[in-house]
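This report refers to the structure that appears directly beneath it.
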Amino acid sequence: MYTPAEVASNVIGIGRTKASLKIYQMLMLGFLAGMFIALAAVGCNTISCSIQTASVAKFVGAAIFPVGLAMVLLAGSELFTGNCLMIISVLEKKVRLYEMLKNWLFVYIGNFCGSIFVAALVYFGGQFDLFGGALAVSTIKVAAAKASLSFGKAIILGILCNFLVCIAVWISFAAKTVGAKFAGLFMPIMLFVGCGFEHSVANMYYVPAGLFAVSNSDYAAAAAETVTNIGNLTWGNFFLHNLIPVTIGNIIGGMVLVGMMYWGIYLKGRDAK
C-alpha cells in the first residue's frame, strides 16, 4: 500500500484529472455518483426499517451504506464530498481555484439530479409499499428529522461526516487492490452513518424521498401517528435547515480538516527542504 505521504502526492494528480474533465463529464459522472449514494441510502432504509431495536437497525443500515462509496470509487464517478480533497492540488498550484469550484458546482448539480432521480424511481416504483408501508413511514421519519435540524447543528454534523468520508477516500487511495480499497473505506463510512452525521449528497436522496412519500395521503396518515415533527418536512426546510448548512460543514470537514491538514503535514514547503 502507499504511505500517507505518497497518497498526498498522488492526490495532486487525481485533482488535476478531475479539474480537466469537461462540464458534461462532470455532470454525467456526478449523476452516477448521486445514484450510487442514493441507492446505498435506499438499501440502508429498506433493510433497517423493519428492525424494532433502534441501535440494531442503525448498525445494520450503517453496514450497508459503504456500498455507495465503493461504487463511486471503483465504478468511476464524481462525488462532491470526496472532491473536497482537490484543495491539495490547488495549494500545490497544479489546479486553479476557479477550476476546483467549477468542478464542485457541476458535480454537485449532477449529484443532486442523480439522487432525485433515484428518489423518484423508488417512489413511483412502489418501493415504499414494502413491509405494509413501513418503509414509507421510516423514510418520512428520517427526512423529517433531517429537515428539523438547526443551522448550526447541521454544519457541525456535516463537518464530522465529511471528515470521515474524506478519510475513507484517503485510505482507499492508499490501497492497491479492489479488496483492500473496499476494506479501507468501509469502517469510516460505517462510522459516520452509525453516528448519524450528515452527508449532503445522501441527503439529496433522503429528504426528497421523504417529501415524495409524504405527498401520498396514505403514507402521510400512517406517518403522522408516530412522526411528531412531520410538519417540518418541506422543501424550504430541506434547503435552509439541511442541504445548505450540511454542505458548508462537509466543505469544512473535507477541505480543511483532511485536505489542508495533510497538505500542511506532507507537502507544504517540501521543495524548500
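Among the candidates Leu74, Leu85, Leu91, Leu101, which residue alone is among the aliphatic types (A, V, I, L, M) and crowded, with 24+ Cβ neighbours inside 10 Å? Explain how you work it out, then say what you get.
Working: Leu74 fails: crowded, with 24+ Cβ neighbours inside 10 Å; Leu91 fails: crowded, with 24+ Cβ neighbours inside 10 Å; Leu101 fails: crowded, with 24+ Cβ neighbours inside 10 Å.
Going through Leu74, Leu85, Leu91, Leu101 in turn, just one is among the aliphatic types (A, V, I, L, M) and crowded, with 24+ Cβ neighbours inside 10 Å: Leu85.
Counting only residues that are among the aliphatic types (A, V, I, L, M) and in a helix (DSSP H, G or I), which one in segment 1-21 is nearest to Met204 (Cα to Cα)? Step through it out loud before you land on a result.
The initial filter retains those residues of segment 1-21 that are among the aliphatic types (A, V, I, L, M), namely 1, 5, 7-8, 11-12, 14, 19, 21.
Then keep just the ones that are in a helix (DSSP H, G or I); that gives 5, 7-8, 11-12, 14, 19.
Details: Ala5: 34, Val7: 30, Ala8: 30, Val11: 27, Ile12: 28, Ile14: 25, Ala19: 24 Å.
Among residues in segment 1-21 that are among the aliphatic types (A, V, I, L, M) and in a helix (DSSP H, G or I), the one nearest to Met204 (Cα to Cα) is Ala19.
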### Summary
Restricting attention to segment 22-43, the residues that are in a helix (DSSP H, G or I), open to solvent by 10 Å² or more (accessible area, probe 1.4 Å) and either in contact (Cβ under 8 Å) with a residue 40 or more places away in the chain or out of contact with any Phe, Trp or Tyr (no Cβ under 8 Å at 6 or more places or on another chain) (or both) number exactly 12
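When only residues in segment 123-141 that are aliphatic (A, V, I, L, M) and open to solvent by 20 Å² or more (accessible area, probe 1.4 Å) count, which is nearest to Ala223 (Cα to Cα)? Explain how you work it out, then say what you get.
Applying the first criterion (aliphatic (A, V, I, L, M)) to segment 123-141 yields 130, 134-137, 140.
Within this subset, residues satisfying the condition of being open to solvent by 20 Å² or more (accessible area, probe 1.4 Å) are 130, 134, 137.
On the way: Leu130: 14, Ala134: 9, Val137: 5 Å.
Top of the filtered list is Val137.
Mind checking whether some residue in segment 55-62 is open to solvent by less than 20 Å² (accessible area, probe 1.4 Å), more than 28 Å from Met261 (Cβ to Cβ) and either touching a residue at least 40 places away in the same chain (Cβ under 8 Å) or not acidic (Asp, Glu) (or both)?
Going residue by residue through segment 55-62, those that are open to solvent by less than 20 Å² (accessible area, probe 1.4 Å) are 57, 61-62.
Next, from what is left, pick out any that are more than 28 Å from Met261 (Cβ to Cβ): 57, 61.
Now narrow it down to the ones that are either touching a residue at least 40 places away in the same chain (Cβ under 8 Å) or not acidic (Asp, Glu) (or both): 57, 61.
Checked against the condition, which is being open to solvent by less than 20 Å² (accessible area, probe 1.4 Å), more than 28 Å from Met261 (Cβ to Cβ) and either touching a residue at least 40 places away in the same chain (Cβ under 8 Å) or not acidic (Asp, Glu) (or both), segment 55-62 yields at least one hit.
Regarding Lys146, is this residue basic (Lys, Arg) and closer than 30 Å to Gly269 by Cβ? So that I can check it myself, show each step before the final result.
Numbers: basic (Lys, Arg): yes; closer than 30 Å to Gly269 by Cβ: no.
Considered against the rule, which asks whether it is basic (Lys, Arg) and closer than 30 Å to Gly269 by Cβ, Lys146 comes out as no.
In segment 112-122, which residues are of a type outside the set (A, V, I, L, M, F, W, C) and either surrounded by fewer than 17 Cβ atoms within 10 Å (Cβ to Cβ) or in contact with a Pro (Cβ under 9 Å, 6 or more places away or on another chain) (or both)? Please lay out each step first, then the result.
Our first condition is that a residue be of a type outside the set (A, V, I, L, M, F, W, C); within segment 112-122, this holds for 114-115.
Residue satisfying the conditions is Ser115 alone.
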### Task
Name every residue in segment 147-156 that is out of contact with any Asp or Glu (no Cβ under 7 Å at 6 or more places or on another chain) and either in a helix (DSSP H, G or I) or open to solvent by less than 60 Å² (accessible area, probe 1.4 Å) (or both), in order of residue number.
Ala147, Ser148, Leu149, Phe151, Gly152, Lys153, Ile155, Ile156
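Identify, from the list Gly158, Gly82, Gly152, the residue that is within 30 Å of Lys268 (Cα to Cα), touching a Pro at 6+ places or on another chain (Cβ under 9 Å) and of a type in the set (Gly, Ala, Ser). Walk me through how you get there before you give the answer.
Values: Gly82 fails: touching a Pro at 6+ places or on another chain (Cβ under 9 Å); Gly152 fails: within 30 Å of Lys268 (Cα to Cα).
Testing whether each residue is within 30 Å of Lys268 (Cα to Cα), touching a Pro at 6+ places or on another chain (Cβ under 9 Å) and of a type in the set (Gly, Ala, Ser) leaves just Gly158.
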### Query
Got a sec? Which helices (runs of 4 or more DSSP H) wholly within segment 157-260 have at least 3 residues that are in contact (Cβ under 8 Å) with a residue 12 or more places away in the chain, in contact with a helix residue (DSSP H, G or I) (Cβ under 6 Å, 6 or more places away or on another chain) and closer than 19 Å to Asn45 by Cβ?
178-195, 200-214, 217-224
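Can you find, within segment 44-54, the residue that is farthest from Trp170 (Cα to Cα) among those that are out of contact with any Phe, Trp or Tyr (no Cβ under 6 Å at 6 or more places or on another chain) and open to solvent by 30 Å² or more (accessible area, probe 1.4 Å)? If you could, list the steps in order and put the result at the bottom.
Taking segment 44-54 and keeping what is out of contact with any Phe, Trp or Tyr (no Cβ under 6 Å at 6 or more places or on another chain), we get 45-49, 51-54.
Still in the running and open to solvent by 30 Å² or more (accessible area, probe 1.4 Å): 47, 51-54.
Working: Ile47: 28, Ile51: 33, Gln52: 35, Thr53: 33, Ala54: 31 Å.
Among them, the one singled out is Gln52.
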### Query
Does segment 103-123 contain at least one residue that is at pLDDT 95 or above and not in a helix (DSSP H, G or I)?
no
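The values are calculated or read from the model by the stated rules, or taken from the named source; none is laboratory data. Not measured: the values here are computed from a predicted model. Cβ atoms come from the backbone with ideal geometry, glycine included; neighbour counts cover every protein chain shown. Surface areas here come from the heavy atoms of the whole protein model, side chains and all, with no ligands, DNA or RNA. Shrake-Rupley method; radii C 1.70, N 1.55, O 1.52, S 1.80 Å.
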